[in-house]
Structures are given as structure tokens and as C-alpha cells.
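Engineer: Mind having a look at this structure? Questions to follow.
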Amino acid sequence: MSSTLSLDNKKWTYMEYARLDDDNEFELLDGELIKEPSPRTRHQIISKNLTFALEKHLRETLQGLVVQDLDVVLDQHNVITPDLIFISSKSMGIVSDLNIQGVPDLVIEFLSPGTESFDRRQKSRLYHRFGIKEYWLVSPESVTIEVFRNEPDGWKLAGVFGENDFLETRLLPGFNLNMNQIFV
């Protein structure tokens with residue numbers, strides 16, 4: 001379960017966050033440190049499969065870059081570490097040696113019993129507020145990927161893709177993900 005750490009109701013900054021021990025799994029949301037639990041085995045297997053499919057497509061099309069578990073610095077009080085991050089070729093200027101400095105095109109979070117509510121509420125609002133174009137929620141439990149598109153009035157559900165479906169997204173022209181290859 002995600003938990004919040006606070007020091008005298010202090011609002012943390014990126015500079016303070018950057019000094020934390022690298023072994024800790026924290027994110028920074030609106031100045032609050034959030035401790036994330038370690039992922040489960042099924043999560044890791046599905047993540048590897050999805051990463052492989054995305055990387056294969058991106059190597060063939062040169063549309064951008066996909067990375068795992070890397071800090072995304074949105075501003076001095078918001079540093080997130082999505083499970084997967086897609087940065088389009090047009091946005092490669094936000095990629096630094098240490099982290100991502102700006103808004104990626106797509107973030108993908110894997111749901112677990114301890115993080116689902118947090119991912120659907122707080123993170124979702126944060127991602128929308130900063131203008132991330134798409135947000136995917138991967139559920140190992142229900143064997144689905146929910147795809148949300150950022151619209152001015154909120155997230156628009158573009159589709160819920162299950163085991164026998166093929167996921168497509170306008171962010172990645174030509175990408176056609178066979179869901180049976182992800183949830184094995």
C-alpha cells in the first residue's frame with residue numbers, strides 16, 4: 001500500500017528528493033513523499049512483455065523511446081516513477097542522463113491491490129494536470145489494459161483491452177499489440 005511520509009508538514013522539493021537514498025522507492029506528489037511497494041512477480045513478467053513489444057515497434061519505426069522505472073521530474077514538487085514511460089521522437093529533449101525532465105507522452109502504471117486507488121485517483125489527476133497525452137492502467141488481476149486519452153475536461157476512456165484483443169493507439173501509429181502476448 002502506498003504511504004505518505006512527512007516532516008512537520010513540510011513540502012518536499014526535487015532537490016531534497018534527489019538526496020534520498022537510491023534504494024528507497026519514493027515518488028514526490030505535490031511536495032509529499034510517497035513510498036511505493038515493490039512490484040509482484042506477475043507484474044514484472046507482464047511489464048517485461050509489454051516493454052519488449054513497445055521496444056520492438058519503436059526500433060522498427062523510430063517513433064521514440066520506452067523506459068522503465070525512471071524518475072520523471074514534472075516540477076520541483078512532483079517527481080513520479082511510472083512503471084513504463086514513452087517519449088516520442090519529438091519530445092526527446094526531455095531525456096537527461098539522470099532522469100526525464102518534463103512531460104512524457106505516455107505513462108503506464110501496473111495496478112496492484114495496494115496501489116490501485118492511488119493510481120486511479122491521485123496519480124491520474126496529476127498526470128492529467130501536467131498534460132500527459134495518454135495514461136494506461138495495466139491490471140494483472142483482471143487481465144486488461146485501460147487506455148485513457150487526455151481531453152480538456154478530463155480523461156477519456158479510449159478502450160479497455162482484454163486477453164483476446166489487439167490494442168492500438170494514435171500515439172504510436174502502426175502499433176498493434178496482441179494482448180495474448182502480454183498476459184502469458
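The values are calculated or read from the model by the stated rules, or taken from the named source; none is laboratory data. All of these numbers come straight from a predicted model, not from anything done at the bench. Cβ sites come from the backbone with ideal geometry, for glycine too, and all protein chains shown count toward neighbours. For the accessible areas, the whole protein counts, side chains as well, though only heavy atoms, and no ligand, DNA or RNA atoms are used. Shrake-Rupley method; radii C 1.70, N 1.55, O 1.52, S 1.80 Å.
Engineer: Within the accessible area of the chain, what % is carbon and sulfur when the probe is 1.4 Å and the other protein chains stay in place?
Structural biologist: Working: 4790 of 9790 Å².
After summing per-atom areas, the C and S share lands at 49 percent.
Engineer: Before anything else, pin down the relative contact order of the chain: Cα pairs under 8 Å, at least 6 apart, normalised by residue count, whole percent. Each step should come with its number before you reach the end.
Structural biologist: On the way: 324 pairs, mean separation 29.0, N = 184.
Normalised by residue count, the contact order of the chain is 16 percent.
Engineer: Assuming 0.36 nm per residue, please report the length gained on full extension of the stretch Arg170 to Glu55 beyond their Cα-Cα distance.
Structural biologist: Numbers: separation 115, 0.36 × 115 = 41.40 nm, distance 1.66 nm.
Between Arg170 and Glu55, full extension yields 39.7 nm more.
Engineer: Can you give me the Cα centroid spacing of region 53-112 and region 149-184 in angstrom?
Structural biologist: So the two Cα centres are separated by 17 Å.
Engineer: Just to confirm, what accessible area per residue do you get for the chain at 1.4 Å probe, in whole Å²? Can you show the working numbers first?
Structural biologist: Working: 9790 Å² over 184 residues.
Solvent-accessible surface per residue comes out at 53 Å².
Engineer: Where a ≥ b ≥ c are the square roots of the eigenvalues of the C-alpha gyration tensor, would you call region 33-101 rounded, which needs a/c under 1.5, or, failing that, prolate if a/b is larger than b/c, or oblate? If you can, show how the numbers build up before the last one.
Structural biologist: On the way: a/c = 3.32, a/b = 1.07, b/c = 3.11.
Cα axes put region 33-101 in the oblate bin.
Engineer: Taking the chain as the reference, fit the longest principal axis to its C-alpha atoms, fit the long axis of helix 41-61 to the helix C-alpha atoms, and give the angle between the two in degrees, 0 to 90, nearest 10.
Structural biologist: Around 70 degrees separate the two axes.
Engineer: Assuming a ≥ b ≥ c are the square roots of the Cα gyration tensor eigenvalues, decide whether the chain counts as rounded (a/c under 1.5), prolate (otherwise, with a/b larger than b/c) or oblate. Present the calculation step by step, with values, prior to reporting the outcome.
Structural biologist: Values: a/c = 1.69, a/b = 1.43, b/c = 1.18.
Prolate shape, in that a/c is at least 1.5 and a/b is the bigger ratio.
Engineer: Considering the chain as a Gaussian network with a 10 Å cut-off on Cα pairs, which listed residue, Glu27, Glu168, Glu141, attains the greatest mean-square fluctuation?
Structural biologist: Glu141
Engineer: What does the helix-only formula give at 222 nm for the chain: each DSSP H stretch with n ≥ 4 adding -39500 (n - 2.57), the total divided by the residues, and the result rounded to the nearest 500 deg cm²/dmol?
Structural biologist: On the way: 3 runs with 32 residues, N = 184.
Using -39500 (n - 2.57) per qualifying helix, the result is -5000 deg cm²/dmol.
Engineer: Determine, for each peptide in 47-57, 125-135, 149-159, the mean count of other beta carbons within 10 angstrom over its residues, then list the peptides with the highest first. Walk me through the intermediate numbers first.
Structural biologist: Working: 47-57: 16.6, 125-135: 18.2, 149-159: 11.9.
Highest to lowest by the protection proxy: 125-135, 47-57, 149-159.
Engineer: Determine the alpha carbon to alpha carbon distance for each of Lys10/Lys123; Lys56/Lys123; Lys48/Lys90; Lys35/Lys156; Lys10/Lys56 and list only those over 32 Å.
Structural biologist: The pairs that break the limit, which is 32 Å between Cα atoms, are Lys10/Lys56.
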